[in-house]
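The values are calculated or read from the model by the stated rules, or taken from the named source; none is laboratory data. Note that the structure is a prediction, hence the values are computed from the model and not measured. Counting neighbours? That spans all protein chains shown, and the Cβs are built from the backbone with ideal geometry, glycine included.
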Amino acid sequence: MNNIIEADFLPRGTDVNFSWPGSALRAFGVNEKRRILIVDNDRDTTHLVKVLLERTGHYLVLEENDATKAHQSARNFRPDLILLDIVMPERDGGEVAAQIQADAELHRTPIIFLTALVTKAEAKSGLRIQGHSFLAKPIGIPELINAIEEHLTARVAV
């Protein structure tokens, strides 16, 4: 199982042009680590993503593996961005996203869906799921970081 996860999330030599667009955040005086909540029922996946994102030194990541607790975790943690799997038992990512968007204190928190239900081409086409962008699994860490930084930079600029 770990080999599959590593293949899904470790950096690869792909055509992804990786950079740190977060320099825009520093221009606004934001030097603290950005808070990321990752919600996925696969504990191995969330832990690996947490470790890899935190190793960059730019993020503080909270894992939530129970979708029924995701909203409360978001209220407690106050993430700058949420990475949200779509297919989970008990409550799917769409329900979680709707609950978060209905919360006056969290409704502006960017959500990026992570899903194996779409192809890479569909993900790059600009389509959105419930108004949120999404990334197709498997995803490399450089691609994930670029998406995170694009959303955080857009949030700061608003």
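Brief remarks on what is shown
- Scanning the stretch 47-58 for residues that are under 12 Å from the mean Cα position of the chain (by Cα) and either in a loop (DSSP other than H, G, I, E, B) or surrounded by fewer than 21 Cβ atoms within 10 Å (Cβ to Cβ) (or both) gives a single hit, LYS50.
- Selection within the stretch 87-117 - assigned to a strand (DSSP E or B) and over 20 Å from LYS33 (Cα atoms): PHE113, LEU114, THR115
- So LEU84, is it at pLDDT 95 or above, outside any helix (DSSP H, G or I) and over 21 Å from ALA154 (Cα atoms): no
- Looking only at residues of the stretch 74-94 that are buried (at least 17 other Cβ atoms within 10 Å of the Cβ) and over 14 Å from the mean Cα position of the chain (by Cα), we find that the one that is farthest from GLU150 (Cα to Cα) is ARG91.
- Here ARG78 fulfils each of the conditions (1) at positive phi; (2) modelled with pLDDT of 95 or more; (3) touching a helix residue (DSSP H, G or I) at 6+ places or on another chain (Cβ under 8 Å) apart from (3).
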